[in-house]
Amino acid sequence: MDLSYDWTRHHARTDKTPSIFTRYAITTRLLCPKVAIDFGCGNFRNTKFLLEQGFERVAGIDPQPYGEVPLGAELHRQRAQDYVPEICEFDFVLADAVLPFLDFADVCTVVENVRRGLLPGGTFAFNVLGTEARWKTPGDRPFYFTLRREEIDSLIDGFTMAFIKEYRQDNFVDRCIHKYEIILHRN
Ligand SMILES: C[S@@+](CC[C@H](N)C(=O)[O-])C[C@H]1O[C@@H](n2cnc3c(N)ncnc32)[C@H](O)[C@@H]1O
């Protein structure tokens, strides 16, 4: 299966303001901000926001980032599933609109690495697509994966579920959004 996709066009038209989910996730953290990871940082909109929130170190992990690396941030031009952190390296992890582009085995690898790298009490905020998500019209779409609720539940060993919200929205012309927004705290 060819999962290669050119994200340039997507980035060029993506909102440059931080996502509502990122803004919310930051309010749920239990630890003082120090080190954050932004998996699939894209155009750095959320990376910049995390810097503004006072993190001392923010690392974006993305094989196809877009635009200038913000002052104070670092970029790892690699896939999320290949980033192996030091033990207890960070206290906040964001994966906003990126895990749907990884298959379940790679999502499990990312979660396993977050479990290793996150300090106890640290926050892991991510979203995934549910099984009813679909784009109805063909076109320039990245290949995406959906997760069953049981698969999501199987990921959270070693974490406490701080927040989960399921959305189903079918009022767009060409797609059905079915997604979960999830915030975990490391035990
Ligand atoms: C829909 S964009 C989201 C960008 C950003 N998180 C945001 O909310 O604006 C998806 C991003 O995931 C990145 N991406 C795709 N596969 C990835 C992978 N395996 N590991 C890390 N990033 C990946 C793409 O390069 C792209 O920048």
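Since every read-out is calculated from the coordinates, none of them should be taken as a lab result. Model, not experiment: these values are computed from the prediction. Here the Cβ positions follow ideal geometry from the backbone for every residue, glycine too, while neighbour counts run over all protein chains shown.
Data for the structure
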{"item": "Ordering of 59-68, 90-99 by packing [mean C-beta count within 10 Å, highest first]", "result": "90-99, 59-68"}
{"item": "Cut-off under 5 Å, modelled amide H: who pairs with Arg175 long-range", "result": "Lys136"}
{"item": "Computed lengthening from Arg13 to Lys136, 0.36 nm per intervening residue step minus Cα-Cα distance", "result": "42.2 nm"}
{"item": "FRET efficiency estimate (nearest 0.05) - Cβ-Cβ, Glu86 to Met161, R0 35 angstrom", "result": "0.85"}
{"item": "Gaussian network model of the chain, Cα within-10 Å springs - most flexible of Cys176, Cys108, Cys41", "result": "Cys176"}
{"item": "Length-normalised contact order of segment 108-187 in % [C-alpha pairs under 8 Å, at least 6 apart]", "result": "44"}
{"item": "Given charges at beta-carbon only (K, R positive; D, E negative), |dipole| of the chain in Debye", "result": "460"}
{"item": "Cβ-derived FRET efficiency at R0 22 Å, Glu112 paired with Thr27, nearest 0.05", "result": "0.25"}
{"item": "DSSP beta bridge pairing in the chain, given as percent antiparallel to the nearest 5", "result": "50"}
{"item": "Length-normalised contact order of the chain in % [C-alpha pairs under 8 Å, at least 6 apart]", "result": "19"}
{"item": "Computed helical MRE - 222 nm, the chain, DSSP H runs ≥ 4 contributing -39500 (n - 2.57), nearest 500", "result": "-6000 deg cm²/dmol"}
{"item": "Long-range amide H partners of Ala73 with built H, under 5 Å", "result": "none"}
{"item": "Cα-projected label distance for Glu151 with Glu68, points at 7 Å along beta-carbon direction, nm", "result": "3.9"}
